[in-house]
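Coordinate-derived values only; no laboratory data. Not measured: the values here are computed from a predicted model. For neighbour counting, all protein chains shown are included, and Cβ atoms are generated from backbone atoms with ideal geometry for every residue, glycine included.
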Amino acid sequence: MDLQYQDLGLKDGYLYETIATTISFKNDKKIPNASCMGIRITNDKVNIKPYHSTQTYKNLKDNSLICINFVEDIHLYTLAALKGPYLSKIYKTFPQKYYEYYPIKNSNDNLKTLKINQIPYLRDAWAIIICRTKKSIKIDKEDVFGLVDLTEFELDMLSIVKLKDSFKLFNRAENMTLETLILTTRLKIAFEKNDYDLVLDYQHRIDNSIKEINHFDNNLEVSKSINLIKEYIRNLKLKF
């Protein structure tokens, strides 16, 4: 019997933080991409809202495929969230060593034309949901940075795979690290927009979070994540 998303403990309408993996091609070379992605499940569909500037959005527009990875390791979220020019060269892209490839079921004619029969996933994930775009709707979102163009993708679930048992509950330090990651990505936007007031606000909130995490944490993966966050912020300041 095929797995249902409820078998993974997922509930309709809840927001889940995941890592989304997608694929693009350059000169017939497969280029996997991993990014942090919030998802909701409604009426047996996965809903996501990637920013238009992201590689996830571009890959979805090109080939409609995405894999939702449920991951226990906070350090992998950090690598997915902060990859790029503000960390050392080895983290410019999400490390290749974490990727595996999973065969795609129900390939349609478009995927056959593109010769796509596999999708990247994270080998450390405890479960994955392989999806294909059913429809997309452009929406506007108002936030502290102003009006932002987004696209909401409604995704069909092609395969649901449980790779191993997981009874993982993030502890307080890991939850705070995840929130600090979100603040750090928003700090980058504030830097790039030269919004000095927001820079100070996010910097203050990040500093307070790191101090609190350091008070009660002895988790190696959290410590590695905090060190990367600090490096990322140092390099942001050099470019401000």
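Between ARG172, ARG186, ARG40, find the one with the highest GNM mean-square fluctuation for the chain; connect C-alpha pairs within less than 10 Å.
ARG172
Assuming R0 = 30 Å, can you tell me the calculated FRET efficiency for the pair ASP28 and LYS89, based on Cβ-Cβ distance, to the nearest 0.05?
Values: r = 25 Å, r/R0 = 0.84.
For ASP28 and LYS89, the calculated efficiency is 0.75.
Using alpha-carbon pairs under 8 Å, 6+ residues apart, how would you state the relative contact order of segment 172-239 in percent?
That works out to 44 percent.
Taking neighbour Cβ counts within 10 Å as the exposure measure, how do SER166, SER209 sort from fewest upward?
Exposure proxy ranking, most exposed first: SER166, SER209.
Specify, per residue and in Å³, the volume enclosed by the convex hull of the alpha carbon atoms belonging to segment 134-226.
Enclosed volume per residue, from the Cα hull, is 140 Å³.
Roughly how many debye, to the nearest 20, is the charge dipole of segment 120-240 about its Cα centre, given +1 on each Lys and Arg Cβ, -1 on each Asp and Glu Cβ, and no other charges?
In debye, rounded to 20, segment 120-240 gives about 440.
What number does segment 15-166 give for Rg over Rh if you use C-alpha atoms and the Kirkwood radius?
0.95
For the chain, what is the calculated [θ] at 222 nm in deg cm²/dmol (nearest 500), taking -39500 (n - 2.57) for each run of four or more DSSP H residues and dividing by its residue count?
When only DSSP H runs of four or more count, the value is -11500 deg cm²/dmol.
7 Å from Cα along Cα→Cβ at both ASP207 and ASP143: what's the point-to-point distance in nm?
It works out to 2.3 nm between the two label points.
What dipole magnitude, in Debye to the nearest 20, does the chain give about its Cα centre under +1 on Lys/Arg Cβ and -1 on Asp/Glu Cβ?
Dipole size: approximately 900 debye.
From Cα pairs below 8 angstrom and at least 6 apart in sequence, can you work out the relative contact order of the chain, rounded to a whole percent? Kindly include the intermediate steps, with their values, before the conclusion.
Numbers: 391 pairs, mean separation 48.5, N = 240.
Computed value for the chain: 20 percent relative contact order.
Can you tell me the alpha carbon radius of gyration of segment 1-42 divided by the globular rule-of-thumb value 2.2 N^0.38 Å?
Output field value: 1.59.
What value does segment 172-239 have for Rg/Rh, both radii from Cα atoms and Rh as Kirkwood defines it?
With Rg and the Kirkwood Rh in hand, the quotient comes to 0.98.
Name the residue, out of VAL161, VAL144, VAL199, whose mean-square fluctuation peaks in a Gaussian network model built on the chain with Cα pairs under 10 Å.
Its mean-square fluctuation being the largest, the pick is VAL144.
Which residue, VAL148, VAL46, VAL71, has the most motion in a Gaussian network model of the chain that connects Cα atoms within less than 10 Å?
Maximum among the listed residues: VAL148.
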